[in-house]
Amino acid sequence: MSAPARSRIAGTGSHLPARVLTNRDLESMVDTTDEWIVARTGIRERRIAADGETTSDLALAAARNALAAAGLRPGDIDLIVLATSTPDMVFPSSACLLQKKLGIRHGAAFDVQAVCSGFVYALATADQFIRSGMHRRALVVGAEVFSRILDWKDRGTCVLFGDGAGAVVLEASPEPGILSSHLHADGAYADILNTPGHVSGGGVTGDPTLKMDGGAVFKLAVRVLEESAHEALSANGLAVADVDWFVAHQANVRIISHTARKLGIPPEKCVVTVDRHANTSAASIPLALDVAARDGRIKRGDLVLLEGVGGGFTWGSVLIRW
Ligand code: UT7
């Protein structure tokens, strides 16, 4: 089989759990206010998975929506790459559990762990497999239940995150599609954002809740998102003015707007959904992408810049001709 030249997104999907937790609800849980959360983050509400509802359950609903949008059946998929930092189990991977729920028994399935950059890492990975000719149709999913790793007494972190999933179907195509992806990591920053606990000897060793130096994360995020955007555009001989849609990790509207301002991208080209679901880590980019694809903003031929940044530290971008 000759290697297909490129990969393209054939459909998008997303899913949020039913339970809404508003900023007002949080006022009775920690010392915070709706006004503070909206002003500092742009977040208005987040969704919380029900007891027993897992990452692969949320991923399943998002994957079904993406398959329907692509006009495909689960059996058409020969690769699942699922980005998560909140897997159902230590093993098997949530990708394998999703594969089982979809009734797929062929191809490859594995998880990618790059925290909030997870979707960008997963999409870049699937793109390489399709370009090489090893796989033809991939489900690329970001799915998280971050509500389970939060310290609900820490107002500095618990107001910022939520649960959700987003997915795309990526398929071989003679035309791009994905123009290029650019991934980075620097483990020297592991201390500014982490969840240090782990399973050991039949229990949890260390603290299994999220810890963050918010100010340090904010500054680093804006810097690397700006650098990564320039890297992706210059690799393709394109300029900032060529970008039709900027779909950055949905952590904080101020990170998105600071980055866009530094790059010279006008606010109307920035896709923002963080107000509705807070920071859903690896799920945030495909959630935003699905909203803008379905409401008709992103059209065929548009240049779409995806950018992720998160724990590790990890960051990167994927430039797409839609
Ligand atoms: O995927 C990456 C994940 N992480 C992020 O995206 C987070 C990046 N960082 C941020 O988004 C921001 O740094 C935060 C939203 C976390 C904080 O915003 P900030 O403008 O940097 O506020 P700050 O940390 O400087 O805190 C200002 C004040 C502090 O009080 P004092 O010390 O000035 O009296 C905090 O204790 O706000 C206080 N504060 C709160 N007040 C009400 C912190 N959290 C809250 C809260 N409600 N939830």
May I ask you to list, by number, the DSSP H helices of the chain whose Cα span along the axis is at least 20 Å and whose average Kyte-Doolittle hydropathy reaches 0.0 or more? 55-70, 118-132, 214-235
For Val145, tell me the accessible area in Å² from a 1.4 Å probe, rounded to the nearest 10. 10
Estimated distance in nm for a label pair at Leu238 and Val204, the labels positioned 7 Å out from Cα along Cα-to-Cβ: 4.1
Accessible area per residue, Å², the chain with all protein chains present, probe 1.4 Å: 40
How many angstrom separate the Cα center of the stretch 37-56 from the Cα center of the stretch 162-215? 17
Arg136, Arg73, ranked by accessible area, largest first (probe 1.4 Å): Arg73, Arg136
Order Tyr121, Tyr189 by their accessible area, 1.4 angstrom probe, all chains in place, largest first. Tyr189, Tyr121
Report Lys299's accessible area, 1.4 Å probe, all protein chains in place, as a number in Å² to the nearest 10. 120
So which lysines pass the test for Lys211, namely a Cα distance under 30 Å, with those fewer than 8 places away in the same chain ruled out? Lys153, Lys219, Lys262
How much of the accessible area of the chain, in percent, comes from carbon and sulfur atoms when a 1.4 Å probe is used? 53
Backbone N under 12 Å from the Asp25 label point (7 Å along Cα→Cβ), restricted to the stretch 31-56: 45-51
Across the stretch 9-24, in residue order, what do the Karplus-derived ³J(HN,Hα) couplings come to in whole Hz, using 6.51 cos²θ - 1.76 cosθ + 1.60 with θ = phi - 60° and x for Gly and Pro? 7, 9, x, 10, x, 8, 7, 10, x, 6, 6, 9, 10, 8, 4, 4
Under a GNM of the chain (C-alpha, springs under 10 Å), which listed residue has the highest mean-square fluctuation: Phe246, Phe161, Phe218? Phe218
Kirkwood-based Rg/Rh on the Cα set of the stretch 115-259 evaluates to 1.00
Can you pull a Stokes-Einstein diffusion coefficient for the stretch 222-322 at 4 °C (1.567 mPa s), Rh from Kirkwood over Cα pairs, as a whole number of µm²/s? 97
³J(HN,Hα) computed for each position of the stretch 149-165 - Karplus, 6.51 cos²θ - 1.76 cosθ + 1.60, integer Hz, glycine/proline x: 10, 9, 8, 6, 9, 9, 5, x, 10, 5, 7, 8, 10, x, 10, x, 8
Which sequence of Leu183, Leu82, Leu193 reflects their accessible areas, 1.4 Å probe, from the largest down? Leu183, Leu193, Leu82
What whole-number value in cubic angstrom gives the convex hull volume per residue for the C-alpha atoms of the stretch 6-175? 116
Cα→Cβ-extended label distance, 7 Å offset, between Asn194 and Asp151, nm: 1.4
Which value, in Å³ per residue, describes the convex hull spanned by the Cα atoms of the chain? 131
Taking the full set of protein chains and a 1.4 angstrom probe, give the accessible area of Arg254 in square angstrom, rounded to the nearest 10. 80
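The values are calculated or read from the model by the stated rules, or taken from the named source; none is laboratory data. Computed from a prediction, not measured in an experiment: that's the story for all the values here. When we count neighbours, we look across all protein chains shown, and the Cβ atoms used for this are built from the backbone with ideal geometry, even at glycine. When the accessible area is computed, the model is the full protein with side chains, heavy atoms only, and any ligands, DNA or RNA have been set aside. Shrake-Rupley method; radii C 1.70, N 1.55, O 1.52, S 1.80 Å.
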